[in-house]
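Coordinate-derived values only; no laboratory data. The shown structure was predicted, so the numbers you read here are calculated from the model rather than taken from an experiment. A quick note on method: Cβ atoms are made from the backbone with ideal geometry, for glycine too, and the neighbour counts reach across all protein chains shown.
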Amino acid sequence: MSESLNRLVPSPSGRGWGGTVVIIGPAHPLRGGVASYDERLAKALMHHRYETTIYTFSYQYPSFFFPGTTQYSTEPAPAGISIKVKINSVNPFNWIKVGNELKKLHPDIIVVRYWLPFMGPCLGTILRRVKKNNHTKIICIADNIFPHEKRLFDKSFTKYFLKPIDGFITMSEKVLEDLHQFAKEKPAQFVPHPLYDNFGEKITKEEARKKLNINLNDKVILFFGFIRKYKGLDILLNAIKILNNDISSFHLRGLGGIKLLIAGEFYEDEKNYRELINDPEIKDHLILHTHFISDSDVKYYLCAADCVVQPYRNATQSGVTPLAYHFEIPMIVTNVGGLPSLVPDKKVGLIAEPNAESIAEKIKEYFELGEEYFLPQLKEEKKKYSWQRMVEAIVNLT
């Protein structure tokens, strides 16, 4: 354990806590990847003996920011984590109230998540109130600085949010570059997204496919997560069409059929994809689970796959990558944003250009090489993505 970690853990006598941390961001009863991350981070901090509380949202998004079916989880609350449902993202009186509460609480560290400029006024106001206690250090974990879908006031909201922050962690080098356009003078560090190891342990392909009613003999590639334009599902569907028209690709070394398992809820109008999905040339090669995937079911989808494909048009980092690492599933990712640096080419997976032709070629190449080609190096690379590294980065920045 590093010197900085030691200075905030309990004394050898075991009396009292050496440090308190508040995480500000989504958590149960909210659902989604950011919420899962915050809950897992809380456990990592608690493992290192930090007294940790999450302040989450009582009201997170207006409906026009959330095209899914619901913002709320049907899963039970995570055991052993203190979660306070406090923050209303659109009520300035609430921001002042929560800010004053946290100022009085006097935590040693606040870790605040920033993933959308819409949250800038709310979080920026809360943190300005906290800073008045002249004690709390505020560390931001920035998922994005520039959003995937740009809106008016993005830059001004982001600038407002950044001012009270003492230090930054980004989970891709691309976001670190973006951050430097706004906050060159403040300390910042790139730390890769730790493993999503809170969705259970790896299970056999046989068990996973039995659960999802998928033929054990099929070659299954997985598109996982919310379906949004920047994630390029339409590009992947066109790649499947190319593969289907190249008859030989379905019989490489006796492979038989290739199936695309689509697992995730539409976060834009489904009709944008309906024509492609219903195309008779590829319809039989698709397995559609286009609904929200609950935490307890995540392992079945990852473990049923031979390969995870991320056909993104643009990206900073992706929560799907640490999921694939945890369940030891090789990946095909596009050469955009921070994805290539997280998936070393021909070691952990393959790098494609963000077009259907290139992705089709890489899918063929993947099955020609075979899963066993990638697994030893994937298991070695996986060791880099620890939660202790994230905890150490947070404390070192204070």
Per the rule of 0.36 nm per residue minus the C-alpha distance, extending N272 to K186 adds in nm 26.8 nm
Counting just the Cα atoms, what span does segment 188-330 cover along each of its three principal axes? Round to the nearest Å and put the largest first. 48, 33, 26
Greater than 18 Å apart at Cα, pairs in K205/K259; K259/K347; K137/K163: K259/K347
Grab the DSSP H runs of the chain that are 4 residues or longer, score each as -39,500 (n - 2.57), total them, divide by all residues and round the 222 nm result to the nearest 500 deg cm²/dmol. -10500 deg cm²/dmol
In straight Cα distance, which aspartates and glutamates are under 17 Å from K231, not counting same-chain residues fewer than 8 positions off? D143, E149, E265, E268, D269, E270, E353, E357
Taking θ = phi - 60°, what integer Hz values does the Karplus form 6.51 cos²θ - 1.76 cosθ + 1.60 yield along segment 175-181, in sequence order, with x for Gly and Pro? 5, 4, 5, 4, 4, 5, 6
Per-residue Cβ neighbour rank within 10 angstrom, fewest leading, R389, R31: R389, R31
N134 to M46: extension gain in nm, 0.36 nm per residue of separation minus the Cα-Cα distance? 29.2 nm
Against the empirical 2.2 N^0.38 Å scaling, what ratio does the C-alpha Rg of segment 3-190 come to? 1.01
In the neighbourhood of V111 defined by beta carbon distances under 14 Å, the net charge of the other residues (Lys, Arg +1; Asp, Glu -1) is -3
D279 to T204: extension gain in nm, 0.36 nm per residue of separation minus the Cα-Cα distance? 23.8 nm
Equivalent ellipsoid, the chain (semi-axes from 5 times Cα gyration tensor eigenvalues, Å): 39, 22, 19
